[in-house]
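Q: One structure coming up, written as structure tokens, with questions to follow.
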Amino acid sequence: MTSYRPDVLIVGSGPVGTALAHQLVMKEGLDVLMIDAGDQESTRYGENLRNAGRYRKEVDPFVNVIKGALSPVSTFPPPPSFSPFGGGSVTGPGHNPEQNAPTNLRGAAVTRAVGGMGTIWACGVPQFVPEVELTWKGQKYPIDAATLESQYQKAGDLLGRSLDAFQGSVRHQAAKKTLLAAGHNTVTELPLAARVTADGRIVWAGSDTLLGPLSDPAYKPEAGSFTLLPQHLCTKLRVETDGERWRVAGVEVSNLADQGEEVDIVAKAYVVAGGAVLTPQLLSASGLEEHLPALGRYLTDSPVAFCQVVLKKEIIDGLPKLVTEDALTRIQAHQKQHPQDPLPIPFDDAPPNLFIPPTEDRPWHAQIQRAAFSHGEVGPQVDDRVVLDLRWYGICRPREENRVSFSSTVKDVYGMPHPTFDFTPSKEDDANAQAMMNHMTEVANALGGYLPGSYPQFLDPGTGQQTAGTTRMGTDRQTSVVDSDSRVWAFDNLYLGGNGLHPFGNASSPTLTSIATALHATDAINATVKNA
Ligand SMILES: Cc1cc2nc3c(=O)[nH]c(=O)nc-3n(C[C@H](O)[C@H](O)[C@H](O)COP(=O)(O)OP(=O)(O)OC[C@H]3O[C@@H](n4cnc5c(N)ncnc54)[C@H](O)[C@@H]3O)c2cc1C
């Protein structure tokens, strides 16, 4: 048996768990043990795989890396005709016969890896907009605005948030100027967790960035300690209660690399940061559904509208008038060096990264870019210098009946209770999504014509990987799971982190706010450790 007695156990090594680990070790000097069910896929813990040389030059191959890294959460079994045995209900590993197909979030997925989805994410880090995501129906985000703002700054600093990584791009400048001229006055730079090196390379932040020096497995901090165990699945929190207060007394962990090994972990404080589906899964597996009636409920999901456009010829011909002098010099150098190239766009021109933030009247955000997601390959026949991806992310508001629940009989491939979605957008959500689609097509028309096969479409629900609300932060145990310190109601030593905490739905990408919220919990976790 291997025993560990850390101050804090963090389950989950995605951006949220790693940001918190950094604070607890480097600022508070605590002993932190982190476990993740996934493998360590890079030399340092949790690197963003987007930084590999090949994917800097080619977008399409990374689409397949993303597809490979995403495990669908709930898959309705295939129809009987697909079974070699014919007839009857067919259920294979990972299939969920309890899933009702029309209410599924078909695109929702998880990434089990050291670094979580931070190994493949696209690094968009806008803040939530006060009138859209921090207030709703007279309720306020449980962390007050000034405190949240200071945590946003810390989170942004940890990630190296910047606005200028793509500003030198010819296409960025041309698309921005074109849209401003067409009356899209709020188009601006997408805040990104990315930096440009002296030789012009973009370096995307990952969970390694959030860990800082702790991402080096050999690093020994001056105070405290950090240990990360890959391939360690937490199967249960052992909880105790005197009927009023609750506490975690230890955890059950399975070492997936050595099933024979017994792992014994007892900590002073516990944090579950497993993502918006796997966090409530672990709490459900630990028998906490009755204690936490809001667990898995109030689920929100950001609808995504997508299309790709081929830039108008007049924009390409007019590039010299649309770009800065520096960019023009690069265009001229390119034309001189490659007289046979019909396009006045340098081969190494960075793609655009433009953003239209949400407003109260237009509760969605827009990203105009050329980037790898789980969709949007253009194939080798297309010169992707003239292609722009348009992704619009909308909002859906929380309703108690929209939920993820966990089966008492069907197990997922890791042997955990299988998640089942029961999600239907409201009429208001649908109307917002439709208005969002109209807005996207207006912007598309200003930029070019649709790339064949990439016409305006809604992606499968869940594809944006922005599911939230399942472990909501709030003011009471009936309608939320954690308090404003991210502590589970009535627990002395259990904290949660991640997108599941956002209570009102989100149109903005959620990760920066999830990190800020987790950083806010540092003081409470530290106090729990000190009082243990
Ligand atoms: C292609 C793509 C692009 C994206 N782009 C953006 C973007 O631009 N901006 C943005 O804000 N967001 C983006 N996201 C979403 C973003 O990646 C997530 O919001 C973020 O990673 C959530 O962080 P997390 O730490 O809460 O959870 P995760 O990153 O999901 O990590 C959770 C970890 O916990 C582990 N785990 C779960 N349960 C257990 C258990 N029981 N035992 C042990 N380990 C467990 C999992 O293995 C996983 O590694 C993107 C996602 C994808 C897929």
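Every number in this text was worked out from the coordinates using simple rules, so none of it is lab data. Note that the coordinates shown come from a computational prediction; the quantities given were computed from them, not determined experimentally. Cβ coordinates were reconstructed from backbone atoms using ideal geometry, including for glycine residues, and neighbour counts include every protein chain displayed.
Q: Taking the mean number of other Cβ atoms within 10 Å as a proxy for protection, how do you rank 264-275, 103-114, 148-159, 36-47 from highest to lowest? Numbers along the way, then the final one.
A: Working: 264-275: 24.8, 103-114: 22.6, 148-159: 18.2, 36-47: 20.9.
Descending mean neighbour count gives 264-275, 103-114, 36-47, 148-159.
Q: Add -39500 (n - 2.57) for each DSSP H run of 4 or more in the chain, then divide by its residues: what number comes out at 222 nm, to the nearest 500 deg cm²/dmol? Working shown, then result.
A: On the way: 14 runs with 133 residues, N = 532.
Mean residue ellipticity, 222 nm, calculated: -7000 deg cm²/dmol.
Q: Classify the range 421-532 as rounded, prolate or oblate from the Cα gyration tensor: take a ≥ b ≥ c as the square roots of its eigenvalues, call it rounded if a/c is under 1.5, otherwise prolate when a/b beats b/c and oblate if not. Intermediate results must be reported in sequence, preceding the final value.
A: Numbers: a/c = 3.64, a/b = 2.45, b/c = 1.48.
Prolate is the answer for the range 421-532, as a/c is 1.5 or above and a/b outweighs b/c.
Q: Separate question: Can you work out the FRET efficiency for the pair Lys312 and Asp341, with r the C-beta to C-beta distance and R0 = 30 Å, to the nearest 0.05?
A: Working: r = 19 Å, r/R0 = 0.62.
Once rounded, the FRET efficiency stands at 0.95.
Q: Now a separate question. Explain nothing, just the number: relative contact order of the range 114-265, from Cα pairs under 8 Å at least 6 residues apart, as a whole percent.
A: Working: 154 pairs, mean separation 28.5, N = 152.
This gives 19 percent for the range 114-265.
Q: Same structure again: Run the numbers on the chain and let me know its relative contact order in percent, using alpha-carbon pairs under 8 Å that are six or more apart.
A: Details: 1242 pairs, mean separation 131.9, N = 532.
Answer for the chain is 25 percent.
Q: Quick check: the angle from helix 511-520's long axis to the longest principal axis of the chain, C-alpha only, nearest 10 degrees?
A: Roughly 40 degrees between the two axes.
Q: Can I ask one more? Which entries in the list Lys154/Lys236; Lys137/Lys427; Lys177/Lys312 go over 23 Å, if you measure between the two C-alpha atoms of each? Display every interim value, and only then the final one.
A: Values: Lys154/Lys236 32 Å; Lys137/Lys427 17 Å; Lys177/Lys312 14 Å.
Distance filter (> 23 Å) returns Lys154/Lys236.
Q: Follow-up question, since we're still on this one. Report the Cα centroid-to-centroid distance between the range 249-320 and the range 343-395 in angstrom, as an integer.
A: Taking the Cα centre of each part, the range 249-320 and the range 343-395 sit 25 Å apart.
Q: OK, next. Please report the relative contact order for the range 311-469, taking Cα pairs under 8 Å with a sequence separation of at least 6, and give it as a percent rounded to a whole number.
A: Working: 145 pairs, mean separation 29.6, N = 159.
RCO, the range 311-469: 19 percent.
Q: If you don't mind, another one. Determine the percent antiparallel among the DSSP beta bridges restricted to the chain, to the nearest 5.
A: Working: 54 of 77 bridges.
The antiparallel proportion sits near 70 percent.
Q: Taking K and R as +1 and D and E as -1, what net charge do the other residues with C-beta under 13 Å from the C-beta of Ala223 add up to?
A: Around Ala223, the surrounding residues sum to -2.
Q: Does the range 141-183 classify as rounded, prolate or oblate by the C-alpha gyration tensor (a ≥ b ≥ c root eigenvalues; a/c under 1.5 gives rounded; else a/b over b/c gives prolate, otherwise oblate)? Numbers along the way, then the final one.
A: Numbers: a/c = 6.18, a/b = 2.04, b/c = 3.03.
Oblate.
Q: Taking K and R as +1 and D and E as -1, what net charge do the other residues with C-beta under 9 Å from the C-beta of Glu252 add up to? Provide the component values of the computation, followed by the final result.
A: Working: positive: Lys236, Arg238; negative: none.
My count for the surroundings of Glu252 gives +2.
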